[in-house]
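Student: After the structure tokens below, expect a handful of questions from me.
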Amino acid sequence: MGPLESTDPERVGRYRLIGRLGAGGMGQVFFGRSAGGRAVAIKRIHPHLATDPSFRQRFAREVTAARQVSGAFTAPVIDAGPDDEVPWLVTSYVPSLPLDEALQAHGPLPEASLRVLAAGLAEALAEIHRVGLIHRDLKPGNVLLAEDGPRVIDFGIARATDGTAATQSVIGTPGFMSPEQVQGAELTPASDLFAYGAVLAFAAAGTGPFGEGNMPTMVMRIISREPDLSGVPESLRHLVAACLAKEARGRPGPGEILDYLGDVHVGPSWLPPAVMTGVHEQVAKVNKALATSAGEPGATGGHQRTEVLGSGGAAALGGAAGAAAGAAAAGALGDDQATRVVPPSGHGTQDPANGATSVLGGQQQGASHQPTAQFPGTQAGAQVPGTQVPGQPGQVPPTAQYQPTQHQPGQYQQPRQYGQGRPVDDDPYADLYGGPRGQRADPRQQQHQQQEQYRRAEEQRQRQLEQQRHQQEQQRRAQEQQQEQRRRQEAERAHRERMRAEQEAARRAQAEARRADQPGLWSFVKLLPLLIIPLIQIPLGYGAALAWSWFTTEADVWTGAAYYFEPWSMDSFWHATMLGYFILNNLVSAEFLVRSLRTSFVTGAVLALGAVAATNGLLYSFGFWG
């Protein structure tokens, strides 16, 4: 929880803000307290969204539906201001640990905790879907681990931003969006069940079922790849796999999930001890923040009033002036305790417990303050107003003026007023009081001066606020430009990666095709019997010889010398056999040579050339070419 910034309001509706919880695409989330001291989470919508009338209508409609959601496993909406200048939403605050932070600090959850988490999230989704809402952004950050079970937050409100001019993008978190959500299709409650399965897989393994990566990479994995469920316990793997089905109609509903899980025990030890300790620490922090805020001035809606107690004309009037000065000093120091003028019967000490400043009408015995000076010869108990010198107990300069020439024993001489008997300009405290004390300022003039000072201070404060707003606007624009630049860089990097992947895939496909078509040594060995044994060569040679004889003797196309073949003579037999060897061996060797050259198989090319040379050399030695 972070502190409030100078531009944050002190209150939203009837709820007092205590600290910042975070920010999202819709607005800033604050931690606060209700008038009754209840911890609440307050979401204040971004001002640029509040100017969109269509957003306001959707926001009001979704808030109305979200108020109908109840159940033990959700953080219900308890108040909202959809029609305010800046809309806001208040939900019950649950002291807890977010699922992602708990897993990052303490590792994956055991199987028993996973079953409780699965049942709790299924009940929460059943309640959300019952009122016609779709969560659309169920992720580990929106799942809270509390003492008595899990909670689902931020349900149903994300749809209010769909279609606004400021959010022309897919609502959701990469790795926890359904295939239909990343493709921008119309969503159904089954989309939340896909995110439900991804959250369970994340809680079981510590990583999402589709790994990590940028947005384009995660989209491709969600659409085309199967999830990695190796870290999910065997008893829950079938359920998680069904929830992560690519087709929405193949996913189970919350009711079917609850029937599959059966009765799950949720006790005070449903979380591992380390995680439960973290939850208890969060509870203690929330209680401390509420207790601290209850004692601050803003907890009562304003500062405590300054009271003037007691009776008696002069004493009460002088005490009121001192009380006002004390209240101003207390306000300057941040102390909001009341300043009181104690009645004469009270003690003349300053009570450190309540911080009150006491002005006594009479000094009691044993009091810490010294009494005012008394004139010689006065009656017992008579007092003359005096002023104690701080730091010098026992030395109290009298405030009365003595006149020895006219003093009679036992007679009290009234002090003369300041300014009588001396020039008005000769006032050593004139700078302190803004002028000679003998001159009373006009109340109307004082009021006008105070109003003028207040106006100037207000103008200065407004200028400072305007400067702060201008600086924040510049920072916001710079951040938007940086985000846009990062988005473009990310898109360009994704495009380059996709092109590289396609080129690499094409190269691999070509290499695989070459390897598939490449002849091997074993294929050449299998050809050797065919090249040596004349099972095919003899009939092939007879057929070729008879065909050539017919062509040269019977066909009218040939004009050269006629060729006569006698099939039953021995010479014709040897000639037909060698002709078959010539035709078959050269054709087979030429085909093997071409395949070897096309696939860069050097050994095969050498073997093919060797077979051609051997065949024709043997034929030459037997006189085939003569």
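The values are calculated or read from the model by the stated rules, or taken from the named source; none is laboratory data. Please read all numbers here as calculations on a predicted model, not as lab measurements. A quick note on method: Cβ atoms are made from the backbone with ideal geometry, for glycine too, and the neighbour counts reach across all protein chains shown.
Student: Assuming Gly27 fulfils every condition listed in (1) closer than 20 Å to Arg476 by Cα; (2) out of contact with any His (no Cβ under 7 Å at 6 or more places or on another chain) apart from one, which condition is it?
Tutor: In the conditions (1) closer than 20 Å to Arg476 by Cα; (2) out of contact with any His (no Cβ under 7 Å at 6 or more places or on another chain), Gly27 misses (2) alone.
Student: Here is a further query. From the list Gly13, Gly19, which one is touching a residue at least 60 places away in the same chain (Cβ under 8 Å) and in contact with a Pro (Cβ under 7 Å, 6 or more places away or on another chain)? First the steps, then the outcome.
Tutor: Values: Gly13 fails: in contact with a Pro (Cβ under 7 Å, 6 or more places away or on another chain).
Going through Gly13, Gly19 in turn, the sole match is Gly19.
Student: Within segment 173-216, can you find the residues that are hydroxyl-bearing (Ser, Thr, Tyr) and either over 16 Å from Asp100 (Cβ atoms) or crowded, with 23+ Cβ neighbours inside 10 Å (or both)?
Tutor: Taking segment 173-216 first, the residues hydroxyl-bearing (Ser, Thr, Tyr) are 173, 178, 188, 191, 196, 207.
Answer for segment 173-216, where residues must be hydroxyl-bearing (Ser, Thr, Tyr) and either over 16 Å from Asp100 (Cβ atoms) or crowded, with 23+ Cβ neighbours inside 10 Å (or both): Ser178, Thr188, Ser191, Tyr196.
Student: On to the next question. Could we say that Ser596 is under 60 Å from the mean Cα position of the chain (by Cα) and in the same structural domain as Asn616 (by TED's automatic domain parsing) here?
Tutor: yes
Student: Is there any pair linking a residue in segment 557-581 that is under 13 Å from Tyr542 (Cα atoms) to one that is assigned to a helix (DSSP H, G or I) and β-branched (Val, Ile, Thr), with Cβ under 9 Å and at least six apart or on different chains, and which?
Tutor: Matching pairs, first to second residue: Tyr564/Thr552; Tyr564/Thr553; Phe573/Ile538; Ala576/Ile538; Thr577/Ile538; Gly580/Ile538; Tyr581/Thr615.
Student: Every residue in segment 492-534 that is under 30 Å from Asn586 (Cα atoms) and among the small types (Gly, Ala, Ser), please.
Tutor: Our first condition is that a residue be under 30 Å from Asn586 (Cα atoms); within segment 492-534, this holds for 510-534.
Once the filter is applied, which keeps residues that are under 30 Å from Asn586 (Cα atoms) and among the small types (Gly, Ala, Ser), segment 492-534 yields Ala511, Ala513, Ala516, Gly520, Ser523.
Student: Next question. Of all helices (runs of 4 or more DSSP H) completely enclosed by segment 213-263, which ones contain at least 1 residues that are among the charged types (D, E, K, R) and within 30 Å of Ala491 (Cα to Cα)? Walk me through how you get there before you give the answer.
Tutor: Details: elements: 215-224, 234-243, 254-261.
Per the criteria, 215-224.
Student: Any chance segment 268-286 includes a residue that's in contact (Cβ under 8 Å) with a residue 60 or more places away in the chain, in the same structural domain as Ser96 (by TED's automatic domain parsing) and among the polar types (S, T, N, Q)? Please lay out each step first, then the result.
Tutor: Residues of segment 268-286 in contact (Cβ under 8 Å) with a residue 60 or more places away in the chain: 268, 270-272, 274-276, 278-280, 282-283, 285-286.
If we keep only those that are in the same structural domain as Ser96 (by TED's automatic domain parsing) as well, we get 268, 270-272, 274-276, 278-280, 282-283, 285-286.
Narrowing further to those that are among the polar types (S, T, N, Q): 282.
Within segment 268-286, one or more residues are in contact (Cβ under 8 Å) with a residue 60 or more places away in the chain, in the same structural domain as Ser96 (by TED's automatic domain parsing) and among the polar types (S, T, N, Q).
Student: Please go through segment 251-274 and give me each residue that is under 30 Å from Arg221 (Cα atoms) and surrounded by fewer than 17 Cβ atoms within 10 Å (Cβ to Cβ), ordered by number. Show your work before the answer.
Tutor: Filtering segment 251-274 down to residues under 30 Å from Arg221 (Cα atoms) leaves 251-258, 260-261.
Listed by number, the residues that qualify are Gly253, Gly255, Glu256, Tyr260, Leu261.
Student: Residue by residue through segment 34-50, note down the ones that are of a type outside the set (A, V, I, L, M), surrounded by 14 or more Cβ atoms within 10 Å (Cβ to Cβ) and within 28 Å of Gln472 (Cα to Cα).
Tutor: Lys43, Arg44, His46
Student: Here's something else I'd like to know. Checking Lys246 against (1) without any contact (Cβ under 8 Å) to a residue 60 or more places away in the chain; (2) farther than 22 Å from Gly141 by Cβ: exactly one of these is not met. Which one?
Tutor: (1)
Student: Starting from segment 443-469, keep only residues that are under 27 Å from Thr7 (Cβ atoms), then list their pairs with residues that are modelled with pLDDT of 85 or more whose Cβ atoms are within a distance under 8 Å, requiring at least 6 positions of separation or different chains.
Tutor: Leu465/Thr7; Gln468/Ser6; Gln468/Thr7; Arg469/Thr7
Student: Can you name every residue in segment 577-626 that is within 21 Å of Phe565 (Cβ to Cβ), aromatic (Phe, Trp, Tyr) and either in contact with a His (Cβ under 7 Å, 6 or more places away or on another chain) or modelled with pLDDT of 90 or more (or both)?
Tutor: Tyr581, Phe582
Student: Failed condition for Pro534, given (1) loosely packed, with under 14 Cβ neighbours inside 10 Å; (2) modelled with pLDDT under 90; (3) over 30 Å from Ala513 (Cα atoms); (4) of a type outside the set (Lys, Arg), with all others met?
Tutor: Condition (1) is where Pro534 drops out.
Student: Continuing with this model, one more query. Does segment 228-250 include one or more residues that are surrounded by 12 or more Cβ atoms within 10 Å (Cβ to Cβ), modelled with pLDDT under 95, among the hydroxyl-bearing types (Ser, Thr, Tyr) and at negative phi?
Tutor: no
Student: From (1) in contact with a strand residue (DSSP E or B) (Cβ under 9 Å, 6 or more places away or on another chain); (2) basic (Lys, Arg); (3) within 24 Å of Gln282 (Cβ to Cβ), pick out the condition that doesn't hold for Arg115.
Tutor: Result: Arg115 passes all but (1).
Student: So which of Phe551, Phe624 ends up being crowded, with 16+ Cβ neighbours inside 10 Å, free of Cβ contacts under 8 Å to residues at least 60 places away in the same chain and either in contact with a Leu (Cβ under 8 Å, 6 or more places away or on another chain) or part of a helix (DSSP H, G or I) (or both)?
Tutor: Details: Phe551 fails: crowded, with 16+ Cβ neighbours inside 10 Å.
After ruling out the rest, the residue left standing is Phe624.
Student: List pairs: first in segment 59-72 and in the same structural domain as Ala126 (by TED's automatic domain parsing) and closer than 21 Å to Gly25 by Cβ, second polar (S, T, N, Q) and surrounded by 15 or more Cβ atoms within 10 Å (Cβ to Cβ), Cβ under 9 Å, 6+ apart or cross-chain?
Tutor: Short answer, once both residue conditions are applied: Phe59/Thr161; Ala66/Thr91.
Yes/no per residue for (1) surrounded by 12 or more Cβ atoms within 10 Å (Cβ to Cβ); (2) outside any helix (DSSP H, G or I):
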{"site": "Ala509", "(1), (2)": "no, no"}
{"site": "Arg515", "(1), (2)": "no, no"}
{"site": "Ala545", "(1), (2)": "yes, no"}
{"site": "Asp556", "(1), (2)": "no, yes"}
{"site": "Ala562", "(1), (2)": "no, yes"}
{"site": "Pro567", "(1), (2)": "no, yes"}
{"site": "Ser572", "(1), (2)": "yes, no"}
{"site": "Ala576", "(1), (2)": "yes, no"}
{"site": "Leu597", "(1), (2)": "yes, no"}
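Student: What residue, among those in segment 264-292 that are part of a helix (DSSP H, G or I) and either among the β-branched types (Val, Ile, Thr) or in contact with an Asp or Glu (Cβ under 6 Å, 6 or more places away or on another chain) (or both), is farthest from Leu239 (Cα to Cα)?
Tutor: Pass one, segment 264-292, residues part of a helix (DSSP H, G or I): 273-292.
Now restrict to residues that are either among the β-branched types (Val, Ile, Thr) or in contact with an Asp or Glu (Cβ under 6 Å, 6 or more places away or on another chain) (or both): 275, 277, 279, 283, 286, 292.
Numbers: Val275: 25, Thr277: 30, Val279: 28, Val283: 33, Val286: 36, Thr292: 46 Å.
Ranking the qualifying residues of segment 264-292, first place goes to Thr292.
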